[in-house]
Amino acid sequence: MYLGLDLGTSGLRALLVDENGAPVGSSEAHYDVSHPHSGWSEQDPADWVTACKTVISELKSTQSAAFAKLSGIGISGHMHGAVLLGTDNQVLRPCILWNDTRCADEAAVLDATPGVRELSGNIVFPGFTAPKLLWVETHEPEIFAQVAKVVLPKDYLRLWLTGEVVGDMSDMAGSSWLDVGARDWSDDLLAQGHMRRDQMARLVEGSDISGYLRDDLRADWGVDEVAVAGGGGDNAVAACGVGCFKEGQGFVSLGTSGVLLAAKDSFAPDPATAVHTFCHAVPGRWYQMGVILAATDALNWLSGRLKQSPAELSALVSEVAGPGQAMFLPYLSGERTPHNDADMRGAFVGLDVGGGDAALVQAVMEGVCFALRDCLEALRATGTELEEVLAIGGGTKSRVWTEMLATVLGLPLALPKDGEFGAALGAARLAMVARGADVETVMTQPDIGEMIAPKAELVAAYEAAYQRYRKLYPAIKGALA
């Protein structure tokens, strides 16, 4: 049996699978995000451990016979978070999360430093780890002086599981300390970030064994030797869960944030496009990714304003009949691809006195689709082409939103059949490979339930609307300056 742990921003999901990768049982536990100041986003790593104890307890209770046969664990987690550890691995302060923008100034300085983009293969975004440490050095020098190790969120959970300070290339590729092409720490990048190699985790590939379950946990869980795989950042591991690891394969995720990911057989960075180029969770592979910070989260935000659930709001738009008059820029907390702008904020444009809640919902849905089209154009600017992509994430439960996205992207979207896929399954698959399974045998694509084609009669109208949308960012940015 194999266990996949997916440490999300709002909760931990555990998935138990058998030797064939078929799901046996699952469990979830949730925790909060703290926002002590504007632009800040933090979590207490102890909450992740508590959540892990909760899901393990439930799986032991509901799947006792299967759980007792556990032999491997894989871990996925939200990227870029900075967990600062002292000499005895105690947590020095709350984890600064991926969507925290306090270090925009430090990121800009680091990004402008000669050689940084070339070595890291990426723009230094404010959400990345290295600028967070520069912020701590300036604003919390007493904490910075005590930092013995820096680990990412999933790797703190690994520390609790194994006692080992280990990271993997796919997650650390978003730190701005890693030479992404060489898949190793860069002494030059570390120096620019005022860090040292001895403060970094030991690196492994996501499909390698990173350590073994601690004896006390093994006894408590009632299991024999359990290997813990390297695991990876959430999107790389989600790609493993949907079998996306070869050139030409890709997926779009309508989750809290939005992602358009393309697997790559080689390292092909183009930082100027604001496309992320990271190591994959399997050896010898990379991926490119456009990221928007608010996808379904934009609808969640509107839900809070209109006092209706996201499902109720989605039902207000019953069909894709063409672009609406109102437009929405989903930059509620800044944006990554293609703008790399932590200060930009969202906007409604073209509101009409006769428009109701449905017009606002349609504008939000279309704005997210247009933002993901920006990601597609950024990927194309690097030479990456996709003919069709898998569509995953909670937003794909809306047929209207999915059809709208296919039409705006001009790409067929493949919807997997109901079942398990994504990061929790990807993590379990990495555990299987760490225990000797073959990558290509294990990391297959899911059965497709339906192909959603672009609505041909509306492609031209949505193309025109997208071109109008593209003009809004520079205009509104200028007005806010």
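The values are calculated or read from the model by the stated rules, or taken from the named source; none is laboratory data. Note that the structure is predicted; figures quoted are calculated from it, not measured. FYI the Cβ positions are ideal-geometry reconstructions off the backbone, even for glycines, and counts take in every protein chain you see. Calculation scope for accessible area: heavy atoms of the full protein, side chains included, ligands and nucleic acids excluded. Shrake-Rupley method; radii C 1.70, N 1.55, O 1.52, S 1.80 Å.
So, R0 is 30 Å and r is the distance between the beta-carbons of Ser61 and Thr441; what FRET efficiency does that work out to, to 0.05? Calculated value: 0.40.
On the accessible surface of the stretch 57-129, probed at 1.4 Å, how many percent belong to carbon and sulfur atoms?
Result for the stretch 57-129: 53 percent of the exposed heavy-atom area is carbon or sulfur.
Shape analysis of the stretch 267-378 places it in the prolate category; the axes a ≥ b ≥ c from the Cα gyration tensor give an a/c of at least 1.5, with a/b above b/c. Separation of the stretch 180-195 and the stretch 249-309 by C-alpha centroid, Å? Computed from Cα coordinates, the inter-centre distance equals 24 Å.
Might you tell me the accessible area per residue for the stretch 1-152, computed with a 1.4 Å probe and given in Å²? Don't jump to the answer; show the numbers that get you there.
Working: 5640 Å² over 152 residues.
It amounts to 37 Å² per residue over the stretch 1-152.
For the peptides 316-323, 359-366, residues were scored by their other Cβ atoms within 10 Å and the scores averaged per peptide; the highest-first order is 359-366, 316-323.
Ranked by the mean number of other Cβ atoms within 10 Å of their residues, highest first, the peptides 169-178, 149-158 come out as 169-178, 149-158.
Which value at 222 nm does the chain reach when only helices count, each DSSP H run of 4 or more adding -39,500 (n - 2.57), with the total divided by all residues and rounded to the nearest 500 deg cm²/dmol?
Values: 18 runs with 175 residues, N = 481.
The helix contribution divided over the chain gives -10500 deg cm²/dmol.
What the Cβ-Cβ distance of Gln308 and Ile448 gives, at R0 = 41 Å and to the nearest 0.05, is a FRET efficiency of 0.80.
Per-residue extension of 0.36 nm, minus the Cα-Cα distance of Arg399 and Ala358, leaves a gain of 13.2 nm for this segment. The relative contact order of the stretch 300-373 comes to 34 percent, based on Cα pairs under 8 Å that sit 6 or more residues apart. Spacing of the modelled spin labels on Asp215 and Arg345, each 7 Å from Cα toward Cβ, amounts to 5.7 nm.
Distant-in-sequence amide contacts of Val24, defined by a placed amide H-H separation under 5 Å and a gap of 5 or more residues or a different chain, comprise Leu16, Val17, Asp18. What label, among (1) 21.6, 66; (2) 23.5, 81; (3) 22.7, 91, belongs to Rg and Dmax of the Cα atoms in Å computed from the structure on display? Answer by label: (1).
Calculated FRET efficiency, Lys417 to Ala108, Cβ-Cβ distance, R0 = 51 Å: about 0.70 to the nearest 0.05.
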